[in-house]
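This report refers to the structure that appears directly beneath it.
Nothing in this text is a laboratory measurement; each read-out follows from the coordinates by a stated rule. All figures in this text were calculated on a predicted structure; none of them were measured in a lab. Here the Cβ positions follow ideal geometry from the backbone for every residue, glycine too, while neighbour counts run over all protein chains shown.
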Amino acid sequence: MQDYLQQVRDRLINYRNLFNQELTESEQAEISFLEEKLDKCTIAIAVFGMVSRGKSSLINALLGQKLSETGAIHGITRNITVYEWNAGGKIQLQLIDTQGLDEVGGEVRGAIALEAAKQADLILFVIAGDMTRLEQEAIAELQQSYKPILLVFNKTDLYPDGDRLTIHQALQNVEMRQLISPQEIVLTSVEPKPVRVRIQYSDGRDSQEIWEQPKPDVQALKERILELLNIEGKELLAVNVLRSLLEIQNTVTQRYVQRLQASTAITSLVFITEAIAVLISPLRWVDGLISGGITGLFVIWAIGRYPSQKKYLWLLLTVAIACVSGGLGINSEVTRYVQIIGLGLSLLFLFKSLITDIEQSRASGKLGAKTLITAIIQSVPEGSILQRLQNM
Ligand SMILES: Nc1nc2c(ncn2[C@@H]2O[C@H](COP(=O)(O)OP(=O)(O)O)[C@@H](O)[C@H]2O)c(=O)[nH]1
Ligand SMILES: [Mg+2]
């Protein structure tokens, strides 16, 4: 696995070096951020859910100390807050507290959630009882980001055993199974309500009632998280970094293709040069040589360092254009024009197919993130979350 992390790192650095001029400042910054994340082996766990489900309390319980503010008042957690969590082991963990999904307006919420989900490697989605429609929709939306989600059913102390069982079973019904598999549901009570206990004294004093704070029950969740990270933590990190790289690669390629499409001046110039060469050249094979050469240069310019799946096809087409151009050239004025029209059409076809190829092969190939993502996912054990996400 160490090997994969190194490969991902190489890919990031290669991409940045090769595409330096193409990258905007924020894209470069993002790549540096990803590089640092890899170096420090940081896994970010984002906690999502509606207001007052116990997100902040859950973070406190996991950290074992009260760091984030909790309370019944809406809107205590503003946007997102990040905490370092030292859970032992080599992996550096971060817990991200987020604002309640129902606390902000729809559009802002979507944006914040998406941003936090983008940063996260693992998502804890906290509910406290039956799932609402909003919660189901939010989970479905978060799943679009391909991040594993553990569903945390919190405040179980509020339910008598029977009710808790019913809710837990309801979470595993057919409709829900499409969202979350039963192994991904964990029960907690991270800040149980104080209970009244009666103290009996042995020395005959009157018995007394006091409020006692039960211990938080978060062990199962902690174990589930650590188990998950143990099995596929590094793969998760590698795949998430690659997914971010993939996004950058897609944007950069898109921008490049748009520029290519707008470069009518260069395409016309290529065509005009070849047409003139055909008109004035005395011999057929000179026609072929010139148009083949110019087309070849044009292809090299267009593909540049862009990943292209069909390099040999372009070579073949270039030779074909040269042959067409040379072969048609019989010394009569009429065939010369046919020759030029043929040249124009083949150039047009070549240009269009080149763009399609670049678009289709973005992010694949030696520099691309796609192939490596597939390889890593195939390497994790059967039944792991990464594989499940891939198959969804
Ligand atoms: N009974 C019970 N109450 C809880 C539990 N966890 C959190 N709470 C309470 O729920 C309220 C909201 O908690 P908070 O962590 O601020 O929720 P957040 O808005 O999701 O961050 C607080 O009053 C907590 O004391 C739990 O496991 N059991
Ligand atoms: Mg909170």
Practice task
Considering only Gly100, Gly88, Gly292, give the residue with the highest GNM mean-square fluctuation for the chain, with springs between Cα atoms whenever their separation is below 10 Å.
Solution key: Gly88
Problem - Exceeding the 24 Å Cα-Cα cut-off - candidates Lys37/Lys155; Lys118/Lys222; Lys147/Lys370; Lys222/Lys370; Lys40/Lys155 - result: Lys37/Lys155; Lys222/Lys370; Lys40/Lys155
Handout entry: At least 27 Å along the helix axis (C-alpha) and Kyte average at least 0.5, DSSP helices within the chain
Key = 284-303, 333-361
Problem - Peptide ranges 375-381, 167-173, 6-12 listed from the most packed, as the mean C-beta count within 10 angstrom indicates - result: 6-12, 375-381, 167-173
Exercise for the section: Enumerate the amide H contacts of Met131 below 5 Å, restricted to partners 5 or more residues apart or on another chain; note that Pro and chain-start residues carry no placed amide H. Expected result: none
Exercise for the section: Taking GluC sites (Glu not before Pro) as candidate sites, keep only those in a DSSP loop with at most 15 other Cβ atoms within 10 Å, then name the longest stretch of the chain containing none of them. Expected result: 70-381
Completion exercise
Amide H contacts under 5 Å for Trp85, restricted to residues at least 5 apart in sequence or on another chain and with H modeled in the peptide plane, are Leu93, Gln94, Leu95
Handout entry: Square roots of five times the Cα gyration tensor eigenvalues for the chain, Å
Key = 63, 19, 17
Handout entry: ³J(HN,Hα) computed for each position of the range 181-188 - Karplus, 6.51 cos²θ - 1.76 cosθ + 1.60, integer Hz, glycine/proline x
Key = 8, x, 5, 9, 9, 10, 9, 9
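Which order do Asp130, Asp203, Asp102, Asp357 fall in if you start with the one that has the fewest other Cβ atoms within 10 Å? Intermediate values should be presented prior to the final figure.
On the way: Asp130 11, Asp203 4, Asp102 17, Asp357 20.
The order, fewest Cβ neighbours first, is Asp203, Asp130, Asp102, Asp357.
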